[in-house]
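Report on the structure given below.
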Amino acid sequence: MRAGERAYDTLRTEILDGVLEPGSVLQEVEQSVRLGVSRTPVREALRRLIADGLVAASGRGTVVTAISRNDIVSLYELREALEARAAGLAAQRRDAADFAGIRERLLEAPSLLAEGEAGLVRYFAIVDDLDDAIEAAADNAFLGAALRSVQLHSARIRRLSRHNHERLRAAAGEHLLIVDAILAGDAELASHATHVHLHMSLTNALATVPADEAAPTADPVPTADPVPTADPVPTADPAGGPRVA
C-alpha cells in the first residue's frame, strides 16, 4: 500500500472511531513523525480528508470537523432518501442467498452485544456487510457512490450509540426487519422498514448530542439621536396674540 493511502486510511479510521476528536489539529510535521511517513503522503491524505469533509483547513492547520445537531439532521434527511430507495431496489433485484446468510448472522446479534468490545466489532461488521449487500443488490452505480459518501459520515454518528446496548439491540431487530422484507421481495416494506430504522437512529443520535450553541448575535447598531426639530414658529392668533401652529 502506498504511503499516502496508508496515511489516509489511518487518519480516517482514527477520526471515524473518535480517536481523533473534533477540534483536533493535524499538523503535517507532527503526523508524518507519528505515522512514520514523509510530509508529502500526509499532505495527500489531508487533502483527501478535506474532500471527505472530515477535516477542514484553518489558521491553526488542518482541524477535525465537528458534528452538530443540524449536521446530523441534514445527514439523516439524505440517508432516508438514499437508503430507503436502495432497500426497495434490493428487494426487487436481490439474490436471496446473500441476504439469507446475513439474516442468520443477525440472529446472533443479542449474544454478540453481550460480549463487550469484541462482540461490538463483530456486530458492526454484520451491519457493514448488510449495507454492502443492499448496495450490490440495488445495482445502481450512481446510487452506490452516494451511499458510500453518506456512510462515511454515518460511521462517526454510529459511535454515539456504541455503548447504548438497549438502542443497539433495537437496531439489530430493525435490521432484521429490513432483511426479511428484502427476502420477501417486498420493496415497499423494505423502504418502510428502513425509514423506521433511520427515524429511531436519528432520535437516539439527537438525544446523545448536546444542543448546538446559538450563534452570537451582533450588538444592536446604535441609531442616531433624533434630529432636534426647530422650535415651532409662532403664527398670528386671530385674536391678535401669538399661537402655536
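The values are calculated or read from the model by the stated rules, or taken from the named source; none is laboratory data. Note that the coordinates shown come from a computational prediction; the quantities given were computed from them, not determined experimentally. No Cβ is skipped: glycine too gets one built from the backbone with ideal geometry, and neighbour counts run over all protein chains shown.
Annotation for the stretch 40-52: at least one member residue is surrounded by fewer than 20 Cβ atoms within 10 Å (Cβ to Cβ), of a type outside the set (S, T, N, Q) and closer than 27 Å to Ala211 by Cβ.
Within the stretch 78-107, the set of residues being under 25 Å from Glu166 (Cβ atoms) and without any contact (Cβ under 8 Å) to a residue 12 or more places away in the chain comprises Glu104 only. Only residues that are among the aliphatic types (A, V, I, L, M), more than 10 Å from the chain's Cα centre (by Cα) and under 18 Å from Thr194 (Cα atoms) were counted in the stretch 63-95, giving 8.
Among the residues of the stretch 49-66, those that are in a helix (DSSP H, G or I) and either touching a strand residue (DSSP E or B) at 6+ places or on another chain (Cβ under 9 Å) or at pLDDT 95 or above (or both) comprise Leu49, Ile50. Tallying residues that are within 16 Å of the chain's Cα centre (by Cα), within 23 Å of Gly59 (Cα to Cα) and not in a loop (DSSP other than H, G, I, E, B) within the stretch 15-25 yields 1. Among the criteria (1) within 27 Å of Ala205 (Cα to Cα); (2) outside the structural domain of Gly144 (by TED's automatic domain parsing); (3) assigned to a helix (DSSP H, G or I), the one Thr40 does not fulfil is (1). Report every pair of residues separated by at least 6 positions or lying on different chains whose Cβ atoms are under 7 Å apart, first residue within the stretch 204-217 and exposed (fewer than 10 other Cβ atoms within 10 Å of the Cβ), second modelled with pLDDT of 70 or more. Listed pairs, sorted by first residue: Ala211/Arg69.
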